[in-house]
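Reviewing the structure listed below.
None of the figures in this text is laboratory data; all of them are computed from the coordinates on show. Computed from a predicted structure; not experimentally measured. Cβ sites come from the backbone with ideal geometry, for glycine too, and all protein chains shown count toward neighbours.
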Amino acid sequence: MNFLAPARDECLGNVWREGNQNKPKKGELIVMKSTLMRRALATLVAAARVRWQQRQAKLHNVRKRNGSVETVLLANIAEGTHDGNITKGADAAITERFLLGKIGSASDRVAVAGAADTPIGVITDEAAGTGDLVNVALLGARTSTLRMVASGAISQGALVEPAASGRVQTLGVGAGTHHVVGRALDAATNAGDVIEVDPFYFLRVI
């Protein structure tokens, strides 16, 4: 048996029609249109929800370390502005959390800041190796306090600046340019103490 489908046949869902033959009933058309509209609406709602989650930095990766759950905020999933955090690849392994970071070897990289470097924020994660994604809490774009690692004794209320290996120290009084990164809200007694800091950034030139 030869079967030729007329060129003017149309496919609507699983219903074929030729002229007035096998034409879907009005009720069937209503059901199909309703189904298509529901699917389109569900797609729009899902897309809007993802965009909202991205803006609120709610999308995250969960890492397990020593049996505890830690969160890495992926603040730049969508390109554009960032709400206080930005995700960067580490230039090298980072074995300590809450170290000051500087611009890395590429636009998408971050490195641990030294005493003479210009910091951009606090690296809140560790990195097992080069390229690992870490969260950077940006200085000057925060709505909350930050933790930082002291290089030695720091008095509560003291202004702090970068020290070696990403840590912070009491603002010096010697001649030169000092990068002030915040005010200590806790006192530190020993090197390696993690303290709460009210973060901000400005240069002090003596």
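How would you rank K88, K102, K33, going from fewest to most other Cβ atoms within 10 Å of each one's own Cβ? Kindly include the intermediate steps, with their values, before the conclusion.
Details: K88 25, K102 20, K33 12.
The most exposed by this proxy come first: K33, K102, K88.
With both partners inside the range 74-205, how many of the DSSP beta bridges are antiparallel, as a percent to the nearest 5?
Details: 32 of 35 bridges.
Of the beta bridges lying entirely in the range 74-205, close to 90 percent run antiparallel.
For the pair V45 and R97, label points projected 7 Å from Cα toward Cβ lie 3.7 nm apart. The label-point distance for E28 and V194, in a model that sets each label 7 Å from Cα toward Cβ, rounds to 6.5 nm.
Please work out how much length the chain gains when fully extended from L185 to Q156, using 0.36 nm per residue of separation minus the C-alpha to C-alpha distance, in nm with one decimal. Walk me through the numbers before you get to the answer.
Working: separation 29, 0.36 × 29 = 10.44 nm, distance 0.55 nm.
Extra length available between L185 and Q156 comes to 9.9 nm.
Exposure proxy ranking for M32, M37, M148, based on other Cβ atoms within 10 angstrom of each Cβ and starting from the fewest, stands as M37, M32, M148.
At a 10 Å Cβ-Cβ cut-off, how would you order V160, V134, V205, fewest neighbours first? Please report the intermediate quantities before stating the final value.
Values: V160 26, V134 22, V205 7.
If I rank by nearby Cβ atoms, fewest first, I get V205, V134, V160.
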